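The values are calculated or read from the model by the stated rules, or taken from the named source; none is laboratory data. Quick caveat, the model's predicted, so the values are computed rather than measured. Cβ sites come from the backbone with ideal geometry, for glycine too, and all protein chains shown count toward neighbours. Note: areas computed on protein heavy atoms with side chains; ligands, DNA, RNA excluded. Shrake-Rupley method; radii C 1.70, N 1.55, O 1.52, S 1.80 Å.
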Amino acid sequence: MQKSWDIAVVGLGAMGSAALYQLSRHPGRVLGIDSFTPPHDKGSSHGDTRITRQAIGEGRQYVPLAMRSREIWRSLERESGASLYIENGLLVFAREGKSRSDHGVADFLDQTVGAAVEFGIGHELLDQAALRRRFPQFRYTGDEVGYYEASGGYLRPEHCIAANLACAQLNGAELQLEQRVIAIEPGASGEGVILRCERDTIKASRVIVAAGAWMPRFLPDRVAGKLRRFRQTLHWFPLRGHPAPYAPERCPVFIRLSDAHSNMVYGFPAVNGPDGGLKVASEQFEEDCDPDTMERTVTAAETEKIWRMASQFLPLGTKPLKQTTCVYTVTPDFGFLIDRHPQFPQVILASACSGHGFKHSAAIGEILAELALGLTPQLDISPFAYARYGG
Ligand SMILES: Cc1cc2nc3c(=O)[nH]c(=O)nc-3n(C[C@H](O)[C@H](O)[C@H](O)COP(=O)(O)OP(=O)(O)OC[C@H]3O[C@@H](n4cnc5c(N)ncnc54)[C@H](O)[C@@H]3O)c2cc1C
C-alpha cells in the first residue's frame, strides 16, 4: 500500500529525531522512519553521555549551532520534563607547548580559546597551579595548562532522542519503527519522493535523510566514497578511592589532549552514581567499518589500551563495569554535511557529524526542518555545503 506524507524523516537518531520534533511544531503530515527503535545502540548516539561546549575548537562556524542548541535543549527540557543538558563545566587540558590536535584541527586548545574570546563565552585559563587547586581529581605531569568553560557539560543522548520523539508524537507526528528504507527515488516527473521500504512504499512531498553511519547508501557514489566510518569504543571503569570528587557537582567533563592524537582521552564524571564508574574514551581514525557487520564486542587489547592512557591521570580499577562500541562518520575536513541533495532539492541531507555532532543536533534539526518547509535557515549553513565534497 502506498501512503502519502508532506514530509518524511529517514533516520531518527540525534539529527533526525530533532528534525522531526521541529517539523511537528508546524502544520502538515509528518512521518519519522527508522530501521530500529531509537534510542538504540547500533548507530552513533548511545552511551549515556555526550560532551557539550559553547566555544567550539573545531571551528567558529559551529559556535552559533552550539548556542542555539543550548536554547532548544532548555526549551525541550521544559516541554518534556526530562533532564537533558547538565551544565557541570568542561575542562580541556594539555601539556604546554606540545602539539594539541583534535578533530582535524592542529591546535584545538588555542582554537577553543579563540572562539570563546570572539563570541564572549565565559571561560577561565588555568596554569598548572590553578589546575591543581581547582581540579585536584586529575593527576598532572607538571606542565599542563587548561581551559575551563562553566557552560560546558554533558547531554544525555538517549534521553534527548526519546524527548524529541515523544514531543513530536504528542504534536501529531507519526513513527514507523523497525522499518528500513531501501531506496529513495524522485517521484514521477521529478515531483515528490518515493521511499521504498522493507514493509511498504511511502510517498512524501519532501524528505530529510539523517541516516548517520548508513548515509553513504543515500549519496551519489562520488561523495559517498569520501565518508569514512570508524568504530570507536566506550569504557566505564570503577573508581579506586573516594568517589565524591568525581560526582558531577564537583567534577567537570574533561578532554586531555596529547602529543599524539591517538593518545587523547576524554571522559565524564560519575553520572550514574559512584557504582556506575567513570566513562572514558579515546578516538581512532585508522580502521574503517560497516555498521551492519562491524565487531560489536570490545577486545581485551582495546580495554587495556584505554585503561593505560586514562589511569595516567585518573584512579581507575582495571576491570571495566561496562563497554560498548559506536560509530563516527567522518568527512575529509571533519566538517558537517547539511544541504539539499544536488539533483533532487526535495531531498535534504544531514550527515557526517564527524565525532562532534551531538551537541549541535538540536539546532541542526531546526535547520533541516526550515529547509524542508521551504524557509531560509536562520543560521548560516554555507560552511556545511555538499558542493565542497565535489558532488
Ligand atoms: C563514541 C562516540 C562519542 C561521541 N562523542 C561526542 C561528544 O562528546 N559530543 C558530541 O557533540 N558528539 C559526539 N559524538 C558524535 C555524535 O554522537 C554524532 O555526531 C551524532 O550522534 C550522529 O547523529 P546522527 O543522527 O547522524 O546518527 P544516528 O544517531 O546514528 O542516527 C542515524 C539513524 O538512522 C537510522 N537509519 C540508518 N539507515 C536507515 C535506513 N535505511 N532506514 C531507516 N533508518 C535508517 C539508524 O537506525 C539511526 O537510528 C560521538 C560519537 C560517538 C560514536
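Descriptive notes on the structure:
- The stretch 351-391 versus the stretch 203-234: alpha-carbon centroid distance in Å: 14
- What the phi angles of the stretch 233-238 give under the Karplus curve with 6.51, -1.76 and 1.60, with θ = phi - 60°, is a coupling list of 10, 10, 9, 10, 9, x Hz, glycine and proline written as x.
- Hz values of 3J(HN,Hα) by residue in the stretch 297-307 - Karplus curve (6.51, -1.76, 1.60), Gly and Pro given as x: 8, 7, 7, 4, 5, 5, 5, 4, 5, 5, 4
- Residue pairs, from the table 3/226; 42/279; 42/322, whose Cα atoms sit over 28 Å apart: 3/226
- In the context of the full set of protein chains, the chain has a per residue accessible area of 40 Å² (1.4 Å probe).
- Degrees separating the helix 63-80 axis from the principal Cα axis of the chain, which is the longest one: 80
- Long-range HN-HN contacts of residue 126 with modeled amide H, under 5 Å: 146, 147, 148
- FRET efficiency estimate (nearest 0.05) - Cβ-Cβ, residue 297 to residue 203, R0 25 angstrom: 0.05
- Length gained on full extension, residue 177 to residue 287: 36.6 nm, using 0.36 nm per residue less the C-alpha separation.
- Inter-label distance for residue 189 and residue 83, nm, one decimal - labels placed 7 Å from Cα along Cα-to-Cβ: 5.6
- Against the chain, whose longest principal axis is taken from its Cα atoms, helix 361-372 shows a tilt of about 20°.
- MRE, 222 nm, helices only [DSSP H, n ≥ 4, -39500 (n - 2.57), over the chain, to nearest 500]: -7000 deg cm²/dmol
- Taking a point 7 Å from the Cα of residue 240 along the Cα-to-Cβ direction, the residues of the stretch 122-138 with backbone N closer than 18 Å to it are 137-138.
- Angle in degrees between helix 108-119 and the longest Cα principal axis of the chain, rounded to the nearest 10: 70
- With each label modelled as a point 7 angstrom along the Cα→C-beta vector, the residue 3-residue 40 pair spans 1.7 nm.
- Result for the chain in a Gaussian network model with C-alpha springs under 10 Å: among 233, 303, 318, the largest mean-square fluctuation is at 318.
- Expressed as a whole percent, the accessible surface of the stretch 231-307 that belongs to carbon and sulfur atoms is 52, based on a 1.4 Å probe.
- The local environment of residue 343, defined by Cβ-Cβ distances under 15 Å, has a net charge of -1 under the rule Lys, Arg +1 and Asp, Glu -1.
- Candidates 319, 203, 359, ranked by Gaussian network fluctuation over the chain, Cα under 10 Å, top entry: 319
- Of all accessible heavy-atom area on the stretch 1-66, the percent that carbon and sulfur account for (1.4 Å): 50
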